[in-house]
Amino acid sequence: PYLWAAGMDGTIRIADLEADVDLAFSDIISDLDFALMGHFDMRNDRWVLSSDLVYVDLGQSEDIVEGGIEGTVTANLDLTLIELAGGYRISPVFTLLAGARWVDMGAGLRYEGTLADDGADVGKKWIDPLIGVHAFAPLSDRWWLGVRADIGGFGVGSELTWQAYADIGFRASKLVSVMLGYHVFDMDYQDGSGLAAVELDVMISGPQLGVVFTF
């Protein structure tokens, strides 16, 4: 298990409502935006089975004053990602991965101001195929470095999605390690047109801290 202190940058559009969202790292704690992650690997000398569960709850409110229009736009994004991938270790350090990621997204936009209040919500589910690589390198008997990158979507679900993270770990015992790193996840999703249009082009990023149990 580990925690991902995630901020968000990008654009959300639902029907004729659109909002630019920019949550800087300094806003993360005050806005209580975070994600909870769980990761599980099974591996032997050559083969790896990898699974990942992510829940992200992000939101931002912004005051606007433009052309005599005043109001507040609020954007919310709830995102659940469930990933399953298989891997083949081409060396003790590098593993090639292929799999799929199931995405459950809920997005909402709200406008309150001088114009008539308006709002829109949408829920979408889809599956993105993915390919990637994972590198794991011991630095000493107790310290290790891990890097993972993957890309997917390819128009099957998302237009394009990719993620990358790097972490450094300290092995406190044979059973328990502690890791600290940085994680970036980017998604470009489009579906429908007119009043049914949904466009999501966001990057979610931030530091992550976790505990690794090895057995």
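The values are calculated or read from the model by the stated rules, or taken from the named source; none is laboratory data. Since the structure is predicted, the reported quantities are computational estimates derived from the model, not experimental observations. Using ideal geometry, Cβ is built from the backbone for each residue, glycine included, and neighbour counts are taken over all protein chains shown. Surface areas here come from the heavy atoms of the whole protein model, side chains and all, with no ligands, DNA or RNA. Shrake-Rupley method; radii C 1.70, N 1.55, O 1.52, S 1.80 Å.
Select from the range 108-161 the residues that are of a type in the set (D, E, K, R), assigned to a loop (DSSP other than H, G, I, E, B) and surrounded by 15 or more Cβ atoms within 10 Å (Cβ to Cβ) and list them in ascending order.
Matches in the range 108-161: Glu159 only.
What do you reckon, is Arg171 among the charged types (D, E, K, R) and either exposed (fewer than 15 other Cβ atoms within 10 Å of the Cβ) or under 17 Å from Leu53 (Cα atoms) (or both)?
Here the answer is no, as Arg171 does not meet what is asked.
Just to verify a result, which residue in the range 195-215, among those that are in a strand (DSSP E or B) and polar (S, T, N, Q), is nearest to Ala19 (Cα to Cα)?
Filtering first and then ranking leaves Ser205.
Restricting the search to the range 195-212, which residues are open to solvent by less than 30 Å² (accessible area, probe 1.4 Å) and among the hydrophobic types (A, V, I, L, M, F, W, C)?
Ala197, Val198, Leu200, Val202, Ile204
For the range 110-128, state whether one or more residues are under 25 Å from Leu209 (Cβ atoms) and either modelled with pLDDT of 95 or more or touching a helix residue (DSSP H, G or I) at 6+ places or on another chain (Cβ under 9 Å) (or both).
no
Filter the range 143-177 down to residues that are among the basic types (Lys, Arg) and at pLDDT 95 or above, then give me how many there are.
2
What are the pairs with Cβ atoms under 6 angstrom where one residue, in the range 71-100, is farther than 27 Å from Val21 by Cα and the other, located anywhere, is among the charged types (D, E, K, R) and surrounded by 15 or more Cβ atoms within 10 Å (Cβ to Cβ)? Sequence gap at least six, or different chains.
Pairs found: Thr95/Arg89.
Tell me the strands (runs of 3 or more DSSP E) entirely within the range 1-99 that contain at least 2 residues that are among the hydroxyl-bearing types (Ser, Thr, Tyr) and either closer than 26 Å to Gln190 by Cα or modelled with pLDDT under 90 (or both).
47-66, 69-89
Any chance the range 184-194 includes a residue that's surrounded by 13 or more Cβ atoms within 10 Å (Cβ to Cβ), part of a strand (DSSP E or B), more than 16 Å from the chain's Cα centre (by Cα) and at negative phi?
Checked against the condition, which is being surrounded by 13 or more Cβ atoms within 10 Å (Cβ to Cβ), part of a strand (DSSP E or B), more than 16 Å from the chain's Cα centre (by Cα) and at negative phi, the range 184-194 yields at least one hit.
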